[in-house]
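No lab work stands behind these numbers, since they all come straight from the coordinates. Computed from a predicted structure; not experimentally measured. Neighbour counts run over all protein chains shown; Cβ positions are idealised from the backbone, glycine included.
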Ligand code: GDP
């Protein structure tokens, strides 16, 4: 992932670093190449436009200062602005500091990696000495409940015994009561996905939100779907008010546009990234580390 973007930016940076004297035209030319590289990586058009404008202003500012290595300065500005674009420096940790049990609701389109991410997140929380309960609330995809039960068995984490003939909102209310009575401190709700946003799904999610009273509503986004993931995230946020994003399949060969745009478009931070199908392949997201990976 990010290979093409990395290569392109590296060649721009190489030219920049070699430049002893720089003019506004040099900056413009370099930023034109950065802009193209970002667009080719499928970064949202408006995000790219604003980003380049911010970098340009700062870069031209450094020219006025006549520093010794202007090219290097511009490289640093691009680096820092990329980190800022992805929410670097902000607190991206889960907000679980409430009276237990604390609810986390996972939402997103079918196939994005919701169920897998529920398992991964439960495992991560268990390793932090929390006691999570997994709740399957997807009654539409026949295998979804069983899939989560299998994950739970692999992880030795309890899965609420949801039945496919129950209403999802009833499952969630019952599961929350069960968690209260049984001493679980965290409840992770795996909700149904669709191939696209539809009113029925959204209404159901709003009802579940009322019943589950989540501290976190995490939108699970498939990085491979690029701009589509960003648009759908914005749609879910508008209807449901998400608190963060789990960006899955970053181990694949997606161009990276989703990772670079989703925070800027939705205003909601990426909190975790999925880096494989295995249950330990979930990491807390660090914008600076991702940028270091992109920029080499
Ligand atoms: P759901 O429909 O949103 O619940 O999606 P699933 O959790 O069933 O995942 C769909 C597919 O994506 C499965 O084959 C998962 O193994 C795979 N998957 C989920 N997360 C990742 C990830 O981070 N990397 C890769 N390579 N595959 C993933």
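One Cα centroid belongs to the stretch 95-120, the other to the stretch 195-221; the line between them spans 11 Å.
Pairs of alpha carbons in the chain separated by more than 37 Å make up 23% of all such pairs. Seen against the Cα atoms of the chain and their longest principal axis, helix 168-182 is set at about 80 degrees.
Once both axes come from the Cα atoms, what is the angle between helix 227-240 and the longest principal axis of the chain, in degrees from 0 to 90, rounded to 10? On a 0 to 90 degree scale, this one is about 50. Ellipticity at 222 nm from helices only: DSSP H runs of n ≥ 4 in the chain, each -39500 (n - 2.57), divided by the residue count, give -17000 deg cm²/dmol. When each of the peptides 119-132, 253-266 is scored by how many other beta carbons lie within 10 Å of its residues on average, the order from highest to lowest is 253-266, 119-132.
Suppose R0 equals 22 Å. What FRET efficiency, 1/(1 + (r/R0)^6) with r the Cβ-Cβ distance, do residue 60 and residue 39 give to the nearest 0.05?
Rounded to the nearest 0.05, the efficiency is 0.50.
Helix 45-64 and the longest principal axis of the C-alpha atoms of the chain enclose an angle of approximately 40°. The listed peptides 274-287, 215-228, ordered by packing as a protection proxy, come out as 215-228, 274-287 (highest mean of other Cβ atoms within 10 Å first). Of the peptides 63-69, 42-48, the ranking by mean beta-carbon count within 10 Å, highest at the top, reads 42-48, 63-69. For the chain, DSSP calls about 10 percent of its internal beta bridges antiparallel. Under 18 Å from a label point set 7 Å out along the Cα-to-Cβ vector of residue 206, the amide N atoms of the stretch 93-122 belong to 107-108.
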